[in-house]
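Asker: Encoded as structure tokens, here's the structure I'll be asking about.
The values are calculated or read from the model by the stated rules, or taken from the named source; none is laboratory data. From a predicted model like this one, the values you see are computed outputs, not experimental measurements. Because the Cβ atoms are built from the backbone with ideal geometry, glycine has one as well, and the counts that use them run over all protein chains shown. Accessible surface areas use protein heavy atoms only, side chains included; no ligands, DNA or RNA. Shrake-Rupley method; radii C 1.70, N 1.55, O 1.52, S 1.80 Å.
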Amino acid sequence: MKEDLEKSTPSKISSFQVFLIHVCCGLALAVGFWVAHNVYSINLISHPTSTLRLIWAIEFPVVILLFSCFRQKPEKCSYLKAIARGLLGLPVGALLNALGALALGAPAGLQYFERTVSWSLLMSSLTFVPTACVYGSCWTDWHRIFACTKPKGSLDFMLCLPAHGAVIGAWFGAWPMPLDWERPWQDWPICVSYGAMAGYVAGMVGSLGLALMHTGGGKQLKAE
């Protein structure tokens, strides 16, 4: 499977490959929940730190191994180098996500430190690591995809939409936290995590749809 993925150029991938990547990443999230519930008898509400750590530990290897196959300029960047870029990007992305959450009102007490770290690592795996594997430290591509939101084709959509979906989903998921309902799921970062993963899945569906439209449009133009 890895060899088949690496044959495609990093800027042009088929809609089937987009589908395959998203299915694998989505299944990794599902497996994380399944293992937490059925093997360790925990969940986000009862044990948020342990559950987030488990989901992240399953999701991150899948993301980094798959997205490294679509690295920019594979003749200059080996597969192992792309993996190394993802490994370096993980703590950087986690730090940025944590600082952003704290700036928007996430609790900063020591009792929430492990929860924030686990959540930030998962968010980095969903938002920062894929682009780090593909584009490395190329500021032009990062700026185009995230600051200007101008993706160029299926690969950029595959990076852009799920990342934006995770961030927007986390933001919407934070809305119930300040409400005086006294529900256990309102504690940090439970509803934020559910929102982020829901937004991530929605972004994957959206990017697959755009990839299908892009591929179909390209074929139609060639036919004309």
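Asker: Step by step: first the residues of the stretch 175-196, then only those that are of a type outside the set (Val, Ile, Thr) and within 18 Å of the chain's Cα centre (by Cα), then the one that is surrounded by the fewest Cβ atoms within 10 Å (Cβ to Cβ). Which residue is that?
Answerer: Restricting to residues being of a type outside the set (Val, Ile, Thr) and within 18 Å of the chain's Cα centre (by Cα), the top hit is Tyr194.
Asker: Additional query: Restricting attention to the stretch 119-142, report how many residues are in a helix (DSSP H, G or I) and within 27 Å of Ala174 (Cα to Cα).
Answerer: 14
Asker: Let me ask something else about it. Write out, first by first residue and then by second, each pair whose Cβ atoms fall under 7 Å of each other, whose residues are 6+ apart or on separate chains, and whose first residue, in the stretch 35-53, is outside any loop (DSSP other than H, G, I, E, B) while the second is surrounded by fewer than 18 Cβ atoms within 10 Å (Cβ to Cβ).
Answerer: Ala36/Ile42; Ala36/Asn43; His37/Asn43; Thr49/Glu114; Ser50/Ile42; Thr51/Ile42; Thr51/Asn43
Asker: Any residue that is outside any helix (DSSP H, G or I), modelled with pLDDT of 85 or more and open to solvent by less than 80 Å² (accessible area, probe 1.4 Å) - is there at least one of those in the stretch 157-171?
Answerer: No, the stretch 157-171 has no match at all.
Asker: Before we move on, is Val92 open to solvent by 60 Å² or more (accessible area, probe 1.4 Å) and part of a helix (DSSP H, G or I)?
Answerer: yes
Asker: Oh, and also: Would you say Phe67 is open to solvent by less than 30 Å² (accessible area, probe 1.4 Å), within 27 Å of Ser154 (Cα to Cα) and in a helix (DSSP H, G or I)?
Answerer: yes
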